[in-house]
C-alpha cells in the first residue's frame with residue numbers, strides 16, 4: 001500500500017530565503033507525482049506535476065524534483081515571499097486506472113516579512 | 001468557466017440525519033473524485049468515478065454513497081450521519097492528470 005509522508009509538518013522562514021519541502025513515498029511504482037498549494041479555508045491548487053519518466057519540473061520560482069529509486073520528491077521555492085505562506089501537499093498517483101491520488105499530510109509554510 | 005463548484009459551503013447535521021453534497025464541473029472532465037480532509041490526515045479518497053454512470057470505492061468509502069447520473073455532476077450522500085463524518089469534503093475532477101479542486105464543504109455532525 002502506497003504511503004506518502006511530508007516532513008516537517010510546519011516550517012517558518014524569513015522572507016527571501018530559499019527553501020526545500022520534502023515528500024517521500026513507499027512504492028516507487030507511481031504514474032506521476034503532484035504538488036499542490038492550499039490556502040486556509042480554500043481548495044487545492046495544482047502547482048507542478050512530474051511524470052514518472054521525468055526528473056524535474058519548473059514553474060517560475062518553483063522547482064520540483066522526483067527520484068523514484070529513493071522514493072523522494074522535493075519542492076524548491078526560491079526567494080520566498082510572504083505570499084508563499086500556505087500549506088503545500090504532495091500526492092502520488094499509482095499506475096492504475098482512475099487517476100487516484102495518495103496525499104501526504106502537508107507542510108504548513110509561513111514566510112515572515 | 002466556473003471550474004469545480006460545491007454545494008453547500010457549510011452544513012450542520014444532527015447524528016442520524018441524511019444529506020447530499022453536490023459537485024459540479026463545467027470542464028467536460030471524465031473523472032471525478034470525493035475526498036475528505038481531516039487535521040493531520042491529509043486528504044483521503046472516499047469514492048470516485050471514471051465516467052458518467054460509473055462509480056468506485058476509494059480508501060474510506062464506508063458510510064457514504066455516490067452517484068454520477070450526469071457527466072458534469074457527482075453527488076456524495078450520507079445516509080445516516082455520524083460525528084466521525086465531521087470533516088471538510090473536497091470534490092475534484094480531471095481529464096487525465098492534473099486534478100482541479102472545488103472550494104470544499106465544511107460539515108459538522110453533532
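The values are calculated or read from the model by the stated rules, or taken from the named source; none is laboratory data. Worth saying up front: this structure is predicted, and the values here are computed from it rather than measured. All Cβ positions, even for glycine, are placed from backbone atoms using ideal geometry, and neighbour counts span all protein chains on display.
Within segment A:57-87, which residues are within 12 Å of chain B (Cβ to nearest Cβ) and in contact (Cβ under 8 Å) with a residue 40 or more places away in the chain?
Listed by number, the list holds a single entry, A:87.
Within the group B:77, B:63, which residue is at negative phi, away from chain A (no Cβ under 14 Å), in contact (Cβ under 8 Å) with a residue 12 or more places away in the chain and surrounded by fewer than 20 Cβ atoms within 10 Å (Cβ to Cβ)?
Within the list B:77, B:63, the selection yields B:77.
So which residues in segment B:1-49 are on the phi > 0 side of the Ramachandran plot, facing chain A (nearest Cβ under 10 Å) and out of contact with any strand residue (DSSP E or B) (no Cβ under 9 Å at 6 or more places or on another chain)?
B:40 - this is the single residue of segment B:1-49 that is on the phi > 0 side of the Ramachandran plot, facing chain A (nearest Cβ under 10 Å) and out of contact with any strand residue (DSSP E or B) (no Cβ under 9 Å at 6 or more places or on another chain).
Check off (1) more than 12 Å from chain B (Cβ to nearest Cβ); (2) buried (at least 21 other Cβ atoms within 10 Å of the Cβ); (3) at pLDDT below 95 for residue A:95 and give me the number that stays unchecked.
(2)
Of the residues that make up segment A:27-40, is at least one buried (at least 19 other Cβ atoms within 10 Å of the Cβ) and without any contact (Cβ under 8 Å) to a residue 24 or more places away in the chain?
Within segment A:27-40, none of the residues are buried (at least 19 other Cβ atoms within 10 Å of the Cβ) and without any contact (Cβ under 8 Å) to a residue 24 or more places away in the chain.
Here is a list of conditions, (1) in contact with a strand residue (DSSP E or B) (Cβ under 7 Å, 6 or more places away or on another chain); (2) facing chain A (nearest Cβ under 9 Å); (3) over 18 Å from residue B:9 (Cα atoms), and residue B:90 meets all of them except one; can you say which number that is?
With (1) in contact with a strand residue (DSSP E or B) (Cβ under 7 Å, 6 or more places away or on another chain); (2) facing chain A (nearest Cβ under 9 Å); (3) over 18 Å from residue B:9 (Cα atoms) applied to residue B:90, the lone miss is (3).
Just checking, how many residues over segment A:41-55 are more than 12 Å from the chain's Cα centre (by Cα) and free of Cβ contacts under 8 Å to residues at least 40 places away in the same chain?
So the answer is 7.
Please go through segment A:37-70 and give me each residue that is at pLDDT 95 or above and on the phi > 0 side of the Ramachandran plot, ordered by number.
Listed by number, the list holds a single entry, A:60.
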